[in-house]
Amino acid sequence: MSEEKKVKQCLTCADCKVKSCMHKQEDKYPRFCLTAKVDKELLAEAKQEYFDETNQKLALTAAEIEGQFYGKYTRVQETVEFIKRLGAKKVGIATCVGLLNEAGVFAQILKKNGIEYYAVGCKIGAIEKSEIGIPPENTLTKGEQYESMCNPIMQAKILNEKKTDLNVMIGLCVGHDSLFLRYAEAPTTVLVVKDRVTGHNPCVPLWTYNGIYSKI
Ligand code: SF4
């Protein structure tokens, strides 16, 4: 990793140890508290958005899942329940081809629950990486073999054409997920976050920050 750079950084929620906003304990807010000094107009604007039909459905369904299955359901179960309660008729699956087995199992679970799905792998279209300007040094075979690029924009475009009601992302690479989210028209939820080193659990280095990972 690169050398530590000095940045001018104000204190924000990432520096908070009390999270007193959870129960609005105003006397315990830290001095830099973002809730204490929140822009009231912006807050009202954000709140109003929850009354948009789609937003309200998503927010209330998310609350049902949290309220009824907190600590009881795995993320897979929560996702299936979320889909059912939203009444999503067609689910798009945007998956990494390295996780096709997992995507296949998830697809079977959807099928068994009577949910239609359409899955698109990240290498869709098999465009060679150099065609969009990816240099050989940034390919896995260093240019020695045809290497298809990940194509999250095409994944999104296909799922848009299929008119999916909800998309589920399975293990798209960092950055490719950003592109998918930029182009997907249906609301998207994330089932798997890719982390090849930790068995897809990016929290591991964060939990062990003061241990071996402190170097990064
Ligand atoms: S809003 Fe205030 S209390 Fe809540 S996490 Fe941020 S700093 Fe902490």
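The figures follow:
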{"quantity": "Filtered residue count, segment 85-104, keeping only those that are assigned to a helix (DSSP H, G or I) and surrounded by fewer than 12 Cβ atoms within 10 Å (Cβ to Cβ)", "calculated": "1"}
{"quantity": "Residue identified as within 16 Å of the ligand (Cβ to nearest atom) and farther than 30 Å from V174 by Cβ among L34, L11, L43", "calculated": "L43"}
{"quantity": "Segment 14-31, residues that are loosely packed, with under 10 Cβ neighbours inside 10 Å and within 11 Å of the ligand (Cβ to nearest atom)", "calculated": "A14, K17, M22, H23, K24, R31"}
{"quantity": "Residue under evaluation A119, criteria (1) assigned to a helix (DSSP H, G or I); (2) under 21 Å from P187 (Cα atoms), criterion not met", "calculated": "(1)"}
{"quantity": "Contacts under 7 angstrom Cβ, first residue in segment 63-79 being without any contact (Cβ under 8 Å) to a residue 40 or more places away in the chain, partner among the charged types (D, E, K, R), 6 or more apart", "calculated": "E64/R85; I65/E78; I65/E81; F69/E78; F69/E81; Y73/E81"}
{"quantity": "Single condition F180 does not satisfy, out of (1) assigned to a loop (DSSP other than H, G, I, E, B); (2) touching a residue at least 40 places away in the same chain (Cβ under 8 Å)", "calculated": "(1)"}
{"quantity": "Cβ-Cβ under 7 Å pairs, at least 6 apart or on other chains, segment 200-216 side over 18 Å from C173 (Cβ atoms), far side modelled with pLDDT of 85 or more", "calculated": "Y213/P205"}
{"quantity": "Out of G71, G133, sole residue that is within 23 Å of V168 (Cα to Cα) and of a type in the set (G, A, S)", "calculated": "G71"}
{"quantity": "Segment 1-26 residues that are modelled with pLDDT of 85 or more, paired with ones that are outside any loop (DSSP other than H, G, I, E, B) and more than 7 Å from the ligand (Cβ to nearest atom) (beta carbon under 6 Å, 6 or more apart)", "calculated": "V18/K28; S20/K28"}
{"quantity": "Residue in segment 47-57 that is part of a loop (DSSP other than H, G, I, E, B), touching a helix residue (DSSP H, G or I) at 6+ places or on another chain (Cβ under 6 Å) and closer than 30 Å to G171 by Cα present", "calculated": "yes"}
{"quantity": "Residue in segment 188-200 that is at pLDDT 95 or above, touching a helix residue (DSSP H, G or I) at 6+ places or on another chain (Cβ under 6 Å) and surrounded by fewer than 18 Cβ atoms within 10 Å (Cβ to Cβ) present", "calculated": "no"}
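The values are calculated or read from the model by the stated rules, or taken from the named source; none is laboratory data. Worth saying up front: this structure is predicted, and the values here are computed from it rather than measured. Neighbour counts run over all protein chains shown; Cβ positions are idealised from the backbone, glycine included.
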